[in-house]
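First the structure, in the form of structure tokens, and then the observations on it.
The values are calculated or read from the model by the stated rules, or taken from the named source; none is laboratory data. This is a predicted model, so every value here is computed, not measured. Note: ideal-geometry Cβ built from the backbone for every residue, glycine included; neighbour counts use all protein chains shown. Note: areas computed on protein heavy atoms with side chains; ligands, DNA, RNA excluded. Shrake-Rupley method; radii C 1.70, N 1.55, O 1.52, S 1.80 Å.
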Amino acid sequence: MLAILENAWKKPNSINWWVAPVYSQSKIGYRLLKRILKDTDLIAKKSDNDLYIELINGSLIEFKSAERPDTLHGEGLSMCVIDEAARIDENVWYEALRPALMDTGGRAMIISTPKRKSRWFYREWLKGKVGEPDYASWQLPSYGNPYIPREELDRLRENLPLIVYKEQILAEFIDDTGSVFKNVEACIDETIVVPEFPRPDRIY
């Protein structure tokens, strides 16, 4: 949140978007920014209905939903933060938001919990890991968050499916390949006696 606020303040009269998968998540971002700015004199105008805050330097920070991608075309953006990007369709990024940033030479901050390696978010994240120009990538597990008790995370490990735990808590990207059936060999019980083997002359 502070990154988009800093960009909006340093670039007067700029348009900046916070884009979340659904409207309710956009409202969370809007309320957070309102709390950050409530004891300042930086707000010129705001709208709880349209979810925007205009700063006194003319910059606009708008909170958008990716539910209707057709509403995200047309603006030239100085900065865009995409929240929970792995849950947003790739066309929102490639066809709407990225072109809007290209018009102005703007920048994007794409943040998310991982959601399989096949998603566009993983492909974009990988560009920073391999050193592609203009990209930087980070991977931060929940265990590095000083505000979450470690014991609580350990309890989640006991109750969550392994894939969910690795994605949600360890921030790991999991391969889609072979992810349907796991640990098959360990589940085989060789003590079970098969009453009758299949016969080629019967229909089952």
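Check whether at least one residue in the range 106-125 is touching a Lys or Arg at 6+ places or on another chain (Cβ under 7 Å) and more than 24 Å from I163 (Cα to Cα), and report yes or no. Checked against the condition, which is being touching a Lys or Arg at 6+ places or on another chain (Cβ under 7 Å) and more than 24 Å from I163 (Cα to Cα), the range 106-125 yields no hits at all.
Residues checked against (1) among the β-branched types (V, I, T); (2) surrounded by 13 or more Cβ atoms within 10 Å (Cβ to Cβ); (3) within 28 Å of Y94 (Cβ to Cβ):
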site	(1), (2), (3)
W120	no, yes, yes
V130	yes, no, yes
W138	no, no, yes
K166	no, yes, yes
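The C-beta contact set for the range 90-115 (first residue more than 14 Å from E75 (Cα to Cα), second residue assigned to a loop (DSSP other than H, G, I, E, B) and open to solvent by 60 Å² or more (accessible area, probe 1.4 Å), distance under 7 angstrom, 6+ apart or interchain) comprises P114/E172. Within the range 13-43, the set of residues being loosely packed, with under 14 Cβ neighbours inside 10 Å and within 21 Å of G106 (Cα to Cα) comprises just one member, N13.
Yes/no matrix, rows are residues, columns are (1) within 18 Å of I61 (Cα to Cα); (2) open to solvent by 60 Å² or more (accessible area, probe 1.4 Å); (3) of a type outside the set (A, V, I, L, M, F, W, C):
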site	(1), (2), (3)
A85	no, no, no
I88	no, no, no
L101	yes, no, no
M109	yes, yes, no
